[in-house]
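A.B. asks: Below are the structure tokens for one structure; questions will follow.
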């Protein structure tokens, strides 16, 4: 028999559209409009999974986002998703789902044996059990307990779905489309504001989807339809269904997850965006997020068939499902009576209402009595039986203040327990927005207090629990929000007549004792169903010295997990307040953090995947590098050729060939990525004088100079050469990765410290392509390309530049050198880069010109002892540490960093200083980053002497070389130093950092 | 994410800006004349204000201008932003007067 628990009529499902689905391999039928949870309940399936720690059977508790239990593995293969709440999965044709955390299967779960060891799995069991011995971690705890305690499985393949992001600015954003939210959107929309209304459900209506109400002579369905129709007709109002506002950040910035295709059969999803994250900036936010019902904490309150009363009502009225046919209601308030009345009306049988209050009175209580439902006032459920499905409850008379209730009054057979411990406003987003919560003694809940952001609250969130209050509160919130953003609300419409029962009273009843004190015996009083946290765990945590609610949360795990304690947090802190004998507001709540419900990584990433995850910058010569087999290195966002291996070459062989070509003939490097900043203005020279450590005022036009930049603390942060193009104009080069930071730095000083200096800075990195030809034959190559140009050393000396035609292209040629060889850096307009490169390759062919990449560049400069900022420096290195005193002006009265060179710390003689290292065995290439010690044989811990910053095999020298920062290194030349590696210790000699051509003879070719 | 009012461009998302730390700390006129402790004061010491705080921001992905923002570090409320060299705006009365 299928759908044995479906009512004969009613509900917001389409009974003409049957939907086939499977759960744990078994086929079922539901209807369009069902959730997976409602369809399973219609088929009488309550047992959905096993609990986290004790593997107890668990079923559906709630009907929405607050559901703690019914997590399933949804779908298969690459699109499978773990731990999705069955209550939030819209049913679609072909849906496949299965239980999580069961082994070998749901019915026969071997791990339930954990329950027998429950005594050792109490609060903090992770911290206590897994401490010792360490070897047990790998053998037992990890493999066995992790398998038993895990939940669903993440997909093993890449996510094939499409996700995207949208940005939206509105005057008024309304979160929650129940009666209050709809009314707020209406008020703001009618006033003319741009409005966004979002709701997590597939349709608007909120609590009205679950409760029958007459509003202004219409039933709730007609009222919702009319409201939505009017809102949809407004051009400036946007309505988003299946859209959860999951994060509320500073200055009214909210993120919303819209699930666009998750409710469709697989075939209808193809090519469509699955989920969209909306980024909203709102002038005003109206929060109308409703309320969640609280469970009651009684003995063995976790069996399948024990549900929240309001959720039972939702299943009956919205989905046409009877979650059970023999129901017992356990409540501390009036509203839950409506669930009993509605279930009875739909054909179920309510066998008893257990009310903890001694004298329940009110409209709903009277209505239940009129239906001849037995009401046991002043009683409580003190135990349940049934295991995989609740089958009976034990009822005892409440003895006020007693730790045990002595006599069993009744045992009542049932297949459903509806419970209600009152309602908790959904304060999550309000609290994320830094709003303060206030405890309301009468309504027994936390309510929004002082707001920190431009926002309004309305509806059940604001403690407005009747539809009448919701409509009035929603209208006011929407109108106030519109007014605050500059609109004039229309005249308030007359309040409609509403037919609804009075809300009635609620009496706090946080923990229900049984025949033995809580925590003794086998019975468990669950507080957090998802984490298997019991009331006894909270007591134990307090006994062990934890008192802060934040500590209790972490020690007992209450409020962790995918539901973030939506049904457990308030009960946990109320129980804590009872144990500590402190009022609830003094105990306080834990912090609410985004996301409100889980968000997939795919949605957060959106389109920013693969090649789009970060912008890629390539030079105008890039395609040539690709065609010629270059391997690339990322430098910042730039792709730079790393080296150009020939067929069959190892990396080291390629590097040897490239480096020797530069030393013996000529090599060519694409240096276009170097940062270039055009600095212009009458005070440009003075500005450089203050920024660089050396002197710039007297640099002649046409000349080039190398400079170091320091921060005020005296630490090197960038270097490069700068050319004087004219009296008032310089071209600065920076490191590839440092370009943006240097420009910011220059602007900072120009704008904040020296606004009187007349200087403009412009980034021209991508205006100039740079081809650097270097080696003894560099001059011969350039001669062929620029026959008119006088390249004699007298006319074109080192550290100067010329303008002229190279290969028919207007160019600036700089004579600088990062290899120690004769070098010309030819700059041409960016778009001409490739043409120049090809011309250089053709002209250099007779000299076997060799393209080389960043790796050979590093080796060549290390042979000369030239530093790379960020490799030889790390933000704690001064020019003096690098042995570069020669570039620090003694004459300039001030420049950035100067004052710090005489600080006691920077003047210390034992600072780490740059030296060269030669390993005892010439073939030994030290790993970069190796720690160095002066004596490896002293007792551990051995004092550290420094570390290796650069290390390579030098083909030109036929041996390894390294640069290192060593304590007091400048005074230690000739001494031995040791690098203790994993299995051996390498001995090296401290030497001068210039390894090759110490005299610099090769600069002129 | 903060919504920062650039004095030149108007309100923009925080992601367009770079933070520049505490405002109104002038570089000493003549650092050479300072004692080590005085120089260290300028170099390292910043107030760690809980409440209203004048700070610098750079509209790095916009007009590339530096400016000052007067912000409450607890609530993130921005009282106003102002150009370099201008005086900070007055505190709202509700926030404890006019500094």
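The values are calculated or read from the model by the stated rules, or taken from the named source; none is laboratory data. Being a predicted model, the structure only gives us computed values, none of them experimental. Positions of Cβ are generated from backbone atoms using ideal geometry, with glycine treated the same way; all protein chains shown enter the neighbour counts.
A.B. asks: Which condition does residue A:204 not pass, out of (1) buried (at least 21 other Cβ atoms within 10 Å of the Cβ); (2) in contact with a strand residue (DSSP E or B) (Cβ under 7 Å, 6 or more places away or on another chain), if it passes all the others?
C.D. replies: (2)
A.B. asks: Then there's this: Looking only at region A:622-645, how many residues end up being part of a loop (DSSP other than H, G, I, E, B) and more than 23 Å from residue A:836 (Cα to Cα)?
C.D. replies: Looking only at that region, the number is 2.
Residues checked against (1) away from chain B (no Cβ under 14 Å); (2) closer than 28 Å to residue A:312 by Cβ:
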{"site": "A:215", "(1), (2)": "yes, yes"}
{"site": "A:224", "(1), (2)": "yes, yes"}
{"site": "A:230", "(1), (2)": "yes, no"}
{"site": "A:249", "(1), (2)": "no, no"}
{"site": "A:255", "(1), (2)": "no, no"}
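A.B. asks: Take region A:650-678 and flag every residue that is surrounded by fewer than 21 Cβ atoms within 10 Å (Cβ to Cβ) and in a helix (DSSP H, G or I).
C.D. replies: Passing the criteria: A:651, A:652, A:653, A:656, A:657, A:660, A:664.
A.B. asks: Test residue A:471 against the stated conditions and say whether it is touching a helix residue (DSSP H, G or I) at 6+ places or on another chain (Cβ under 6 Å), in the same structural domain as residue A:187 (by TED's automatic domain parsing) and not in a strand (DSSP E or B).
C.D. replies: Judged against the criteria, residue A:471 is a match.
A.B. asks: Answer yes or no: is there a residue in region A:883-901 that is in a helix (DSSP H, G or I), within 14 Å of another protein chain (Cβ to nearest Cβ), in contact with a helix residue (DSSP H, G or I) (Cβ under 9 Å, 6 or more places away or on another chain) and modelled with pLDDT under 95.
C.D. replies: no
A.B. asks: Here's something else I'd like to know. Read through the list (1) under 29 Å from residue A:463 (Cα atoms); (2) assigned to a helix (DSSP H, G or I), then give the number of the only condition that residue A:267 fails.
C.D. replies: (1)
A.B. asks: Filtering region A:602-621 down to residues that are without any contact (Cβ under 8 Å) to a residue 24 or more places away in the chain and not in a loop (DSSP other than H, G, I, E, B), which residue is nearest to residue A:74 (Cα to Cα)?
C.D. replies: Per the criteria, the residue is A:610.
A.B. asks: What residue, of A:814, A:818, A:801, is crowded, with 17+ Cβ neighbours inside 10 Å and either at pLDDT below 95 or touching a helix residue (DSSP H, G or I) at 6+ places or on another chain (Cβ under 8 Å) (or both)?
C.D. replies: The conditions single out A:818.
A.B. asks: If a residue has to be out of contact with any strand residue (DSSP E or B) (no Cβ under 8 Å at 6 or more places or on another chain) and not in a loop (DSSP other than H, G, I, E, B) to count, how many in region A:50-90 make the cut?
C.D. replies: So the answer is 3.
A.B. asks: Counting residues that are within 12 Å of chain A (Cβ to nearest Cβ) and farther than 30 Å from residue A:903 by Cβ, which strands (runs of 3 or more DSSP E) fully inside chain B reach at least 1?
C.D. replies: It comes to B:3-6, B:10-13, B:66-72, B:78-83.
A.B. asks: Here's something else I'd like to know. List the helices (runs of 4 or more DSSP H) that sit entirely inside region A:141-234 and contain at least 3 residues that are modelled with pLDDT under 95 and in the same structural domain as residue A:50 (by TED's automatic domain parsing).
C.D. replies: Filter on region A:141-234 gives A:146-149.
A.B. asks: Still on this model: Does region A:854-870 contain at least one residue that is farther than 17 Å from residue A:960 by Cβ, part of a helix (DSSP H, G or I) and away from chain B (no Cβ under 14 Å)?
C.D. replies: Yes, there is a match, as at least one residue in region A:854-870 is farther than 17 Å from residue A:960 by Cβ, part of a helix (DSSP H, G or I) and away from chain B (no Cβ under 14 Å).
A.B. asks: Can you tell me which residue among A:547, A:507 is surrounded by fewer than 19 Cβ atoms within 10 Å (Cβ to Cβ) and within 30 Å of residue A:466 (Cα to Cα)?
C.D. replies: The match here is A:507.
A.B. asks: Taking the condition surrounded by fewer than 20 Cβ atoms within 10 Å (Cβ to Cβ), over 30 Å from residue A:779 (Cβ atoms) and at pLDDT 95 or above, does residue A:976 pass?
C.D. replies: yes
A.B. asks: Kindly provide the set of residues from region A:748-798 that are away from chain B (no Cβ under 14 Å) and in a strand (DSSP E or B), ordered by number.
C.D. replies: A:768, A:769, A:770, A:771, A:772, A:773, A:774
A.B. asks: Suppose the filter is modelled with pLDDT under 95 and within 14 Å of chain B (Cβ to nearest Cβ); does residue A:908 pass it?
C.D. replies: yes
A.B. asks: Somewhere in region A:337-355, is a residue buried (at least 20 other Cβ atoms within 10 Å of the Cβ), within 42 Å of the chain's Cα centre (by Cα) and either part of a strand (DSSP E or B) or free of Cβ contacts under 8 Å to residues at least 24 places away in the same chain (or both)?
C.D. replies: No: zero hits.
A.B. asks: A further question on this structure: Sort out which residues of region A:906-932 are assigned to a strand (DSSP E or B) and surrounded by fewer than 20 Cβ atoms within 10 Å (Cβ to Cβ), and write them in order of number.
C.D. replies: Answer for region A:906-932, where residues must be assigned to a strand (DSSP E or B) and surrounded by fewer than 20 Cβ atoms within 10 Å (Cβ to Cβ): A:918, A:919, A:931.
Each row is one residue, and each column tells you yes or no for (1) more than 47 Å from the chain's Cα centre (by Cα); (2) farther than 29 Å from residue A:45 by Cα; (3) assigned by TED's automatic domain parsing to the domain that holds residue A:574.
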{"position": "A:331", "(1), (2), (3)": "no, no, no"}
{"position": "A:362", "(1), (2), (3)": "yes, yes, no"}
{"position": "A:365", "(1), (2), (3)": "yes, yes, no"}
{"position": "A:368", "(1), (2), (3)": "yes, no, no"}
{"position": "A:371", "(1), (2), (3)": "yes, no, no"}
{"position": "A:409", "(1), (2), (3)": "yes, yes, no"}
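A.B. asks: Here's another thing I want to ask about it. For residue A:742, are the conditions met, namely being in a helix (DSSP H, G or I), within 14 Å of chain B (Cβ to nearest Cβ) and buried (at least 19 other Cβ atoms within 10 Å of the Cβ)?
C.D. replies: Here the answer is yes, as residue A:742 does meet what is asked.
A.B. asks: Of the residues A:933, A:915, A:948, which single one is modelled with pLDDT of 95 or more, within 40 Å of the chain's Cα centre (by Cα), more than 30 Å from residue B:28 (Cβ to Cβ) and outside the structural domain of residue A:697 (by TED's automatic domain parsing)? Write out each step before concluding.
C.D. replies: On the way: A:933 fails: within 40 Å of the chain's Cα centre (by Cα); A:915 fails: within 40 Å of the chain's Cα centre (by Cα).
After applying the criteria, what remains is A:948.
A.B. asks: Can you tell me which residue in region A:270-298 is nearest to the other protein chains (Cβ to nearest Cβ), limited to those that are within 16 Å of residue A:163 (Cα to Cα) and in a strand (DSSP E or B)?
C.D. replies: A:279
A.B. asks: Please work out which one of (1) away from chain B (no Cβ under 14 Å); (2) surrounded by fewer than 22 Cβ atoms within 10 Å (Cβ to Cβ); (3) in contact with a helix residue (DSSP H, G or I) (Cβ under 8 Å, 6 or more places away or on another chain); (4) outside any strand (DSSP E or B) is the condition residue A:706 fails and give its number.
C.D. replies: With respect to (1) away from chain B (no Cβ under 14 Å); (2) surrounded by fewer than 22 Cβ atoms within 10 Å (Cβ to Cβ); (3) in contact with a helix residue (DSSP H, G or I) (Cβ under 8 Å, 6 or more places away or on another chain); (4) outside any strand (DSSP E or B), residue A:706 is out only on (4).
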